[in-house]
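Notes follow the structure.
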Amino acid sequence: MILNDLELKTSPAEGEVRIPSGCAISAVIDRSGKRMTGEKIIRSIATMHDRSNGLGGGFAGYGIYPDYKEYYAFHLFYNDFYSKKQTEDFLIQHFEIVYSSEMKTRKLKKITNEPLIYRYFLYPLSKRLANSLMDEERYVVKCVNKINAEIDGAFVFSSGKNMGVFKGVGYPEDIGKFYLLDEEYSGYSWTAHGRYPTNTPGWWGGAHPFGLLDYSVVHNGEISSYDANRRYIETFGYKCSLQTDTEVITYVIDFLIRVKKLTLQEVAKVISASFWSTIEDKPEEERYEETFLRKAFPSLLITGPFSIIFGFTGGLMALNDRLKLRSMVCAEKGDLAYISSEECGIRVIEPELERVFAPAGGQPVIYTLKDGGNRQ
Amino acid sequence: MKTFIPAEYEVVRDFNLCTACRLCENQCANGVHSYDEKRGVMVADSLQCVNCHRCVCVCPTHALKIAKSADCYRPNENWSSQTMNEVYRQAETGGVLLSSMGNPGKYPVYFDKLLVNASQVTNPPIDPLREPMETRVFLGKKDVEIKRDISGRLIDTMPPQLNLKLPVMFSAMSYGSISYNAHEALARAAEICGTFYNTGEGGLHRDFYKYSKNTIVQVASGRFGVHSEYLSAAAAIEIKMGQGAKPGIGGHLPGMKISDDVSRTRMIPKGVDAISPAPHHDIYSIEDLRQLIYTIKEATDYSKPVIVKIAAVHNVAAIASGVARSGADIIAIDGFRGGTGASPTRIRDNVGIPVELALAQVDERLRQEGIRDCVSIIVGGSVRSSADVVKAVALGADACYIGTAALLALGCHLCRSCHTGKCNWGIATQREDLVKRLNPDEGCKRLVNLLSAWNLEIQEMMGGMGINSIEALRGNRLMLRGVGLNETELRILGVRHAGENV
């Protein structure tokens, strides 16, 4: 379980260069809140094997830790025991750790070079939190950023409540099996990502989904607005250290929802705004709202190809760029709803669908639990 | 001792082609050409020539050209002919040297050392002929609070904005420094193109109030032509704190350009040099500027954006940061190559810094301080082409001002003699016979053509980068790479060297 440290480093590490990636994404949600294992989502993403190249795969599952749903679930990669010790010292100073263990994994031939992987359920120490003068979520985000930025060899890759990100270097279906998602976990929604990076960083933290508290993003595309978005969002205290689209998109969504208190629909109108010519033809009320949003957040418009699935507690949002330069299909059957880069990723797990459609560019598709997110 | 300064240019006439029609004589306000009755030929006094090319352009038989004079002093790398002539001139007159238009000196042009990116393979370029390509820009404060009505609908809380169809405006050029017809052409072109022109410090002529929706009015240190109606008419109000061509000093309009009409519009006496003070005498510090900004806002009911125009000088980033915190909606930065109708030569040629560096630093500083959203940034001085616009936007500008390029569209040939008031193209003059040479209809059409062409080119370049809205280009410095720049220059510009991967 110790990272192979005998290999000499020849290519730059993740975050040192910007790595364009092609990808496959997929997601499923049971809107009744009924939980399913990761078996379906693994089969879905496996069908789109050719959209990945074995250099990154990952999943996010929601509702998977019902017994610990009050606690933040931190998933960590460690390069060595020294970084683990440093991190745990930090965690103890800032959190009450309710439970911790090494992540259960299955040894697979195709998955090599894995780091140490640990999981902690924790909540902020009340005194530390009060002294910080921050709200709880901000406090947790600050702690995560501190570990990721300052403890060499440690990386928090999941930090939400009752959800978890699982990722690594390899084909996504192998990563899914490696983490035993098909046996050990059931959730009401799952997202998956297969990565096709143009470089070979081979760092587990660089795989997707990218998580921030209970938000997770999987993304296929290469945005042309990257540096405009990055430089803008960094003025609000975010630090884009991985230089990936997914990272900056997650921060943008977090900023618009958590700080600016916009709705998901409104977020879509900022990052994937309608063209001015389209807005002019809209009814008065929509025109008023969309014009305002474009005028207020011009630097958060995202251009260039992207298809994203944004996961949050109680739901999913699928969104394409305004020109729809990446394929993405949605489908529904009963309480189940599906999103995938290709229709085959849906048909393979549910051949008989009630509705299949390709959402138009900039048109968000939002699926939420029927009881308004108050799930098991 | 009488100083003789040889002609810099020689008028060369092909006598095989010349028909002695005397059109050149008629067109030259400098009195270069004349008809020698005795010999029956046209002659030229090259000493009077400013090289404005008017005669060359109008000559029906193309018999004329202007050549650099072969006459020279003994070559000296340290003492150029120009430097020597300037000494002679000053020894003769005891005066301050005057010049016009932008700094022509041999300084680096950073726009020419920046290259733009294009998309391929991993993401697609976008075809502007087939897909929408947006160049619309709103200028003003963006740092709004999100507010909702009782039913949860968003309320538009935006402070006043300027709505531009393309990120290019005509920069401040006063009526007085340029002609009535030039102003009319600029105003009408701004209206047609969905952008703005700027009155400069010369007030707003009565006839042009009808274009006020596309007019930015200026309040400069001389307060020429400023009154409440003037402020109320405008789309935005610009406080001119500095000018790139002459940082640290005020404006100078030579008396011979102050006609009746100019005198009335500026509310100053006719025929006397109009020299606006170097500072605003009610602004000796940043807190004073804040008071003027809010005075103007009060006077106009907070309905118009206030622009503060500053010259690019060494501490421009700190100044801009102060301006952004003082209530300005927009900051205009004017580079050291910016034009002028008249400036002391030494100041024009030696004071200020390149606008590319100033822009990069201002944008970065405002971001570091988390106040980039408080203001929009306009840059000018000098933006010469659509490629410069694209590069400026990628460095962080919201929009650009063009002055010289607009004058070129109207016929200017950059002879840099505006201060003499004898512009043969009818632009930088108030002499009626010269002004009427500039047809406002034609001038307007040429300006519209120029902006339309630039807009198409901007769209092409954006499409190549896979960007379909100018907002996504703003501050997108990864789209730029430097060539032949040293580490310091790259650091200041915030771009990597060409060939360096991201």
Residue list for segment A:305-322, filter: within 13 Å of chain B (Cβ to nearest Cβ) and either under 21 Å from residue B:376 (Cβ atoms) or in contact with a Phe, Trp or Tyr (Cβ under 8 Å, 6 or more places away or on another chain) (or both) | A:321, A:322
How about segment A:199-229: which of its residues are surrounded by fewer than 24 Cβ atoms within 10 Å (Cβ to Cβ), farther than 16 Å from residue A:76 by Cβ and not hydroxyl-bearing (Ser, Thr, Tyr)?
-> A:199, A:201, A:202, A:214
Subset of segment B:55-73 [among the hydroxyl-bearing types (Ser, Thr, Tyr) and closer than 30 Å to residue B:87 by Cα] = B:69, B:73
How about segment B:105-116: which of its residues are in a loop (DSSP other than H, G, I, E, B) and either at pLDDT 95 or above or facing chain A (nearest Cβ under 9 Å) (or both)?
-> B:107, B:108, B:109
Check segment A:275-297 and report whether any residue there is within 11 Å of chain B (Cβ to nearest Cβ), more than 19 Å from the chain's Cα centre (by Cα) and either under 29 Å from residue A:196 (Cα atoms) or small (Gly, Ala, Ser) (or both).
-> yes
Residue in segment B:66-87 that is outside any helix (DSSP H, G or I) and touching a Lys or Arg at 6+ places or on another chain (Cβ under 7 Å) present | no
Please find, among A:175, A:117, A:151, the residue that is touching a residue at least 12 places away in the same chain (Cβ under 8 Å) and within 28 Å of residue A:319 (Cβ to Cβ).
-> A:175
Do any helices (runs of 4 or more DSSP H) entirely within segment B:388-502 hold 3 or more residues that are within 14 Å of chain A (Cβ to nearest Cβ), and if so, which?
-> B:440-464
Among the residues of segment B:8-65, write down those that are among the charged types (D, E, K, R), over 27 Å from residue B:418 (Cβ atoms) and assigned to a strand (DSSP E or B).
-> B:36
Segment B:152-188: number of residues that are closer than 15 Å to residue B:400 by Cβ and β-branched (Val, Ile, Thr) = 1
Any hit, segment B:313-325, residues being in a loop (DSSP other than H, G, I, E, B), more than 20 Å from residue B:416 (Cβ to Cβ) and touching a strand residue (DSSP E or B) at 6+ places or on another chain (Cβ under 9 Å) | no
Quickly run through segment B:364-387 and pick out the residues that are among the aliphatic types (A, V, I, L, M), more than 11 Å from chain A (Cβ to nearest Cβ) and not in a loop (DSSP other than H, G, I, E, B).
-> B:377, B:378, B:379, B:387
Counting only helices (runs of 4 or more DSSP H) wholly inside segment A:156-268, the ones holding at least 3 residues that are more than 20 Å from residue A:369 (Cβ to Cβ), away from every other protein chain (no Cβ under 11 Å) and not aliphatic (A, V, I, L, M) are A:172-178, A:181-184, A:245-254
Note on residue B:395: of the conditions (1) on the phi < 0 side of the Ramachandran plot; (2) surrounded by fewer than 24 Cβ atoms within 10 Å (Cβ to Cβ), unmet is (2)
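The values are calculated or read from the model by the stated rules, or taken from the named source; none is laboratory data. Since the model is a prediction, treat every value here as computed from it, not as a measurement. Reconstructed Cβ throughout: ideal geometry from the backbone, glycine too, with neighbour counts over all protein chains shown.
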